[in-house]
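A short write-up of the structure that comes next.
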Amino acid sequence: MNRAHVSVQDITKRFGPTVAVDGVSLDVEEGSFTTLLGPSGCGKTTLLRMVAGFHHPDQGDIFLRGIRVTDIPAHRRNTAMVFQEYALFPHMTVGENVGYGLRLRRVSADEATRRVEQVLELVGLAGQQRKFPHQLSGGQQQRVALARALVVEPEVLLLDEPLSNLDAKLRVRVRSEIRQLQQQLGKTTLYVTHDQEEALAISDRIAVMNRGRILQLGTPLQIYHHPVDRFVADFVGLANFLEGEVSAPGQVRMEGVSLTVPDGALPGRRVTVVLRPEAIRLHARPPEEVANVLRGYVTAASFLGTLARYWVDAAGRHWIVDVPSPGEGLLSGEVYLEIPRDRIHLLTET
Amino acid sequence: MARPLLESGHRVVVMPMAVARWGEIRRQTADPGLLLTFLGTAAALGLFVLYPAFRVLVYPSLRDYLAIPESLRWIQAARNSLMMMVLSTISATVVGLVFAFATTRPDLPGRRMFRGLAMLPLFAPPFMVAFAYILMFGRQGLITRSLLGLQANIFGWHGLWLVQTIAFFPLAMLIIAGVLDAVNPSLEHAARNLGADEWTVLRSISLALARPGIAGAMLVVAISVLADFGNAVIIAGGFPLLATEAWFRMEGMGDLKGAALVVAMLLIPTVALFLLERFWVSRRVYTVVTGRGSRIERPSTPPVLKWGAVAICSLVSLLVLLVYLGVVAGAFTTVWGRDWSLTLEHWRLAADRIASLWSSVKIGALAGVITGTVSVVVAFLTSRHLPFRGVLDFLAVLPGALPGVFVGVGYVLAFNATPIGGTVWVLAAALAFWHLPMGYQAASARLKQIERSIEEAAVNLGATGLQVLRDVYLPLLVRALVEAFAVSFIRAVTNVSIVIFLIAPGQVVATFVILNMIQNNIWGAAAALTTMLLLLTFASIGVTWIAVGRTVRSPGVG
């Protein structure tokens, strides 16, 4: 039997002629933080909204703890959601907003007051019950929305791009707070974002979506280092792509250069070499006794604080290379690229 | 071979859409409360909007319609109405444009004052401008006779032209100013930055962007001019017009069929203008209202233009002030034009007729409650993905195209023979549904500001459809409800065009009494009663303002 907390099985949803979600299956383990990651229009929000019950799938089923909830209307599923635009009730105070779900559940006034107090404390808004949403900052509104969802003790917490309305610095802070809170409460969480960095930072597992399908499901490390295809590699992080042919076991030949790569691909196959910018080492002089060294010229360099990014022409191609922030000046002119064999990821073309 | 392929491909695309649509309809109509409300509202709109209009159109026979060209008087009235429409629309729009321009330039001295003064005619009863100008510029006119010693005759088309210009330019101003205000100042700065001088910016950017707004303003003003009954009946004199002709037919000759024919003739141009505005002009508005106020100041206005606008606005503002001053002065002057000493005698006379004011208030309150409720309910229903919601929307805005006299005749034909015929209920219903478009559109706009996700958040937390309505929509729509009530109340209390047809023998309402007094040259008491009506209007505006400020604790955030 399926022991997943939330289980989506072979779900399809169409809006008119467009297929928003195309036969997706996904299991979310109890207490895990799973992120749906993809570009806009990939179907991630639609999938989340189907779990909440706002859309009815055309095909497939949704299970919560093994119980089929596909036909249960949204207001009777215990799947509290944090909306992208927060959707706080503008005519209710913070206390009334957070307590609304409890009121609908006929929780006694005393207990409701206590639980609202507790959850506001949890999100760092203790004592703000009497304020109205418009009197709060964006970050505070975000926390109210989170508190409102948490207070009803939902089966699963759903978050739809909750950080997209915050500025960059706050976004980083709030996301780690959300993660801490989730781990502290052990709440099963489904999170939607288009921000790959956010997804990597916050998730136990990431489902990368495109055109209504899940392309890859895995831990952040798996997704980043072992993408299953070019779309995933390109969408998550930055990558150099080189197309070539396996000439011998552990050897890929492409125009102008031949690389030693990890074993695995059969000779004669067309492959794409995926190289993360930080996997490449940059030297001012040719390094000795190492394989995969290319001579190149720096065409542009940019200092980004924690690292320096170089655009290098080598072997008739443009390369992007990231080097941990140098203490002294940036390199220029002639340089040597060293490509460690074990940092190369191969995509076999299908 | 290409064609059949294309067609079958087309069908394949359409099928899932139709299926999805039906699924949606099934799910929505599964809520019995919603379905009943929908059917009840549709029935009410059918009965009180569509049915009276239908009665007017079918009352005369085809032969009666065909005989229209043979009636010289009607042809004359139609021609006159169209002439007034052209004249007054152009002049009111030009004045409205100048005011709109002046009040949207931050560097124009007195712009707030001009805007405030220009709003005044909107609150005046629909006959008041004409009445005041008879007092000011008529044969006994304070200005024409007593001050200038002229033998002026304001009755006729030229007097009506002046009156309609002053009465309707505020409408044009509001519409055009709305569009001009929405022109992002950074566009003007961008044009300056690219090398355009102030004049070029104005011509090629600001006014060019406002063009659809100006066209829309002209259409709205044109409808108002065509339907204008109150001013015409007082000042047009022997100049036949369609709006007044219907009244003369019915009152003077008891010719209901003739009245129906005339208002049917009047309906053709107003509906045409209305459809033009709704489906053509309003879709060509380039400016986007972001709701986010731009903090950039507009570029400065060329001095010639600035002071030219100030001059025109000052002159027109003076004419507007005369409307109010004239009526208030008339209420305290012993015998207008002969004996300028002050008196309170007219107020005693007006106080005798105070009952008419109370019954106006009662009918107005009734109409206000109906308009407010129906507005909010229809707005809520049309915001759902319900089948035929377009029909509901159309019926709720349609009264905007109907002249008051048309509605008046329609309700006479539809309800006089029924048990409720001749009661205040018919009058209140007529006024309520005639004012529905304003309340409905305001409520709709308000609903659109409420993000769908707010409702979803409530559902997500466990609220049923009814709980969503109670906890989310009603509190957020209170403001729209109060405003719809207030607008409907004020307009009902000051209405003449519908009241005059539906008032039953023995009933009195203030406007009807005033109109009779003016026509019998009892100016002093008419002025005193009109002043009371004005006080009532401004008091209700004040009360509404306070009520709305209290009930709505937050602006439309979220």
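Once you've got the Cα coordinates, tell me which of A:131/A:169; A:131/B:362; A:169/B:448; A:13/A:169 are over 29 Å apart. From A:131/A:169; A:131/B:362; A:169/B:448; A:13/A:169, over 29 Å: A:131/B:362; A:169/B:448; A:13/A:169. Taken over segment A:29-82, the ratio of Cα radius of gyration to 2.2 N^0.38 Å equals 1.16.
In a reduced charge model with +1 at each Lys and Arg Cβ and -1 at each Asp and Glu Cβ, segment A:37-159 shows a dipole moment near 100 debye about its Cα centre. For segment B:287-386, a Kirkwood radius taken over Cα pairs fed into Stokes-Einstein (20 °C, viscosity 1.002 mPa s) yields D = 107 µm²/s. Around residue B:235, with a cut-off of 13 angstrom between Cβ atoms, what is the net charge of the other residues, counting Lys and Arg +1 and Asp and Glu -1? Once positives and negatives cancel, what remains is 0. Shielding of peptide B:447-457 by partners, expressed as the average count of other chain Cβ atoms within 10 Å per residue Cβ, is 5. Taking a quarter of the surface of the Cα convex hull of segment A:147-256 gives a mean projected area of 9.9 nm². All C-alpha pair distances within the protein assembly as shown, sorted into 10 Å bins from zero, spread as 2, 10, 15, 17, 16, 14, 11, 7, 5, 3, 1, 0 percent across the bins.
Reported to the nearest whole Å, the Cα centre-to-centre distance from segment B:102-179 to segment A:87-153 is 54. The tail of the calculated P(r) for chain B beyond 37 Å holds 38 percent of all Cα-Cα pairs. All C-alpha pair distances within segment B:442-558, sorted into 5 Å bins from zero, spread as 2, 10, 15, 15, 13, 10, 9, 8, 7, 6, 4, 2, 1, 0 percent across the bins. Shape analysis of segment A:71-125 places it in the oblate category; the axes a ≥ b ≥ c from the Cα gyration tensor give an a/c of at least 1.5, with a/b not above b/c.
Summing Lys and Arg as +1 and Asp and Glu as -1 over all other residues whose Cβ lies under 13 Å from the Cβ of residue B:510 gives a net charge of +1. Counting DSSP beta bridges in the protein assembly as shown, what percent are antiparallel, to the nearest 5? Rounded to the nearest five, the antiparallel share is 80 percent. For segment B:376-473, the list of chymotrypsin sites (Phe, Trp or Tyr not before Pro) that fall in a loop by DSSP and count at most 13 other C-beta atoms within 10 angstrom reads B:388.
Between A:31, A:147, A:9, the Cα set farthest toward the positive side of the dipole of segment A:6-234 (charges on each charged residue's Cβ, about the Cα centre) is that of A:147. Based on every Cα atom in segment B:34-156, Rg and the maximum pairwise Cα distance Dmax equal 22.9, 69 Å.
Relative contact order, whole percent, for chain B stands at 20, derived from Cα pairs under 8 Å and 6 or more residues apart. For segment B:101-255, compute the orientation-averaged projected area of the C-alpha convex hull (one quarter of its surface), in nm². Hull-based average projected area comes out at 11.9 nm². The share of Cα pairs per 10 Å bin across chain A, counted from zero up to the longest distance, runs 5, 21, 25, 21, 15, 9, 3, 0 percent.
From the Kirkwood radius over Cα pairs of segment A:240-348, Stokes-Einstein at 10 °C and 1.306 mPa s returns a whole-number translational diffusion coefficient of 111 µm²/s. Taking the Cα centre of the protein assembly as shown as reference, the dipole from Cβ charges on Lys and Arg (+1) and Asp and Glu (-1) amounts to some 1860 debye. Positive-end ranking of A:231, A:87, A:104 along the dipole of segment A:6-234, with charges on Cβ about the Cα centre, is headed by A:104. Report, to the nearest 10°, how far helix A:109-122 tilts away from the longest principal axis of the Cα atoms in chain A, using its own Cα long axis and a range of 0 to 90°. The angle comes out at about 20 degrees. Placing +1 on the Cβ of every Lys and Arg and -1 on the Cβ of every Asp and Glu, with nothing else charged, gives chain A a dipole about its Cα centre of roughly 980 debye. Once divided by 2.2 N^0.38 Å, the Cα radius of gyration of segment A:77-224 becomes 1.08. Computed over segment A:1-119, the P(r) tail beyond 20 angstrom holds 53 percent of alpha carbon pairs.
What number, in percent, do you get for the relative contact order of segment A:6-234 if the mean sequence gap of Cα pairs under 8 Å and at least 6 apart is divided by its residue count? Relative contact order, segment A:6-234: 28 percent. Could you please state, rounded to a whole Å, how far the C-alpha centre of segment B:200-277 is from the C-alpha centre of segment B:422-470? One Cα centre to the other: 30 Å. Peptide packing: for B:84-95, B:328-339, the average count of neighbouring Cβ atoms within 10 Å per residue gives the ranking B:84-95, B:328-339, highest mean first. Here's the picture: charge each Lys and Arg Cβ at +1 and each Asp and Glu Cβ at -1 in chain B, and of B:132, B:109, B:121 the one pushed furthest to the positive end of that dipole is B:109.
None of the figures in this text is laboratory data; all of them are computed from the coordinates on show. This one's a predicted model, so the numbers in the text were calculated from it and none came from an experiment. So basically every Cβ, Gly included, is an ideal-geometry build from the backbone, and we count neighbours across all protein chains shown.
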